1. Enumerate the amide H contacts of R130 below 5 Å, restricted to partners 5 or more residues apart or on another chain; note that Pro and chain-start residues carry no placed amide H.
2. Considering only protein heavy atoms and a 1.4 Å probe, what is the carbon-and-sulfur percentage of the accessible area of the chain?
3. Mind checking the alpha-carbon convex hull of the stretch 21-109 and giving the volume per residue in Å³?
4. Pairs of Cα atoms under 8 Å, at least six residues apart: use those to get the relative contact order of the chain, whole percent.
5. Give me the Å³ per residue figure for the convex hull around the C-alpha atoms of the stretch 1-61.
6. On average, how much accessible surface per residue is there in the chain, in Å², for a 1.4 Å probe, leaving out ligands, DNA and RNA?
7. Calculated from DSSP H runs of 4 or more alone, at -39500 (n - 2.57) each and per residue, what is the 222 nm mean residue ellipticity of the chain, nearest 500?
8. Please name whichever of A153, F52, P2 sits farthest to the positive end of the charge dipole of the chain, dipole taken about the Cα centre and charges placed at Cβ: Lys and Arg +1, Asp and Glu -1.
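The values are calculated or read from the model by the stated rules, or taken from the named source; none is laboratory data. Worth saying up front: this structure is predicted, and the values here are computed from it rather than measured. Here the Cβ is made from the backbone with ideal geometry for all residues, glycine too, and neighbour counts use every protein chain on show. Each accessible area value is taken on the protein alone, full model and side chains, heavy atoms only, with ligands, DNA and RNA left out. Shrake-Rupley method; radii C 1.70, N 1.55, O 1.52, S 1.80 Å.
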Amino acid sequence: MPLSEGDLAPDFDLPASGGGRVGLSALKGHKVVLYFYPKDDTSGCTLEAQDFNGLLPAFAEADAKVVGLSPDPVKSHDKFCGKYGLAFPLAADEDKAVLEAYGVWVEKSMYGRKYMGVERTTVLVDREGRIAKIWPKVKVPGHAEAVLTAARALP
């Protein structure tokens, strides 16, 4: 069943870039921007990460924590963060349990070939752990700014 705004956001605890772990319950009391992306160091995912990274000070002002999440392993995340100077955690969901819980691990199609992959999606979680807003099928240009506007509007 797909998640809706107002639902309790599924909790998780995953290994993350930089050798730590990241979990939703540990971030309770803050607004959380969870952005799900397909793959480290690909053109769209790099642009999206750079956009969120560039706005980190503004997200911090809005008391919003940014977390990227993909099925790539931590080693790939570390390399991606190092290459582009990303200053927020990238969570590694290699078994795809969190991706499935959020409904973003879906069947995709390219050139007539069907395969499973991440549907680029962003979820804004409020201070109590409820989903405040969902952006499905994200188009990268201007997206991070739209998320920041929504985060600023949350109490």
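1. Result for R130 returns A9.
2. Numbers: 4280 of 7790 Å².
Of the solvent-accessible surface of the chain, carbon and sulfur hold 55 percent.
3. Working: hull volume 9.0 nm³, N = 89.
Per-residue hull volume (Cα only) is 102 Å³.
4. 32
5. Numbers: hull volume 8.4 nm³, N = 61.
That works out to 138 Å³ per residue.
6. Working: 7790 Å² over 155 residues.
So the chain comes to 50 Å² accessible per residue, rounded to a whole number.
7. On the way: 5 runs with 45 residues, N = 155.
Rounded to the nearest 500, it is -8000 deg cm²/dmol.
8. Ranked along the dipole, the leading option is F52.
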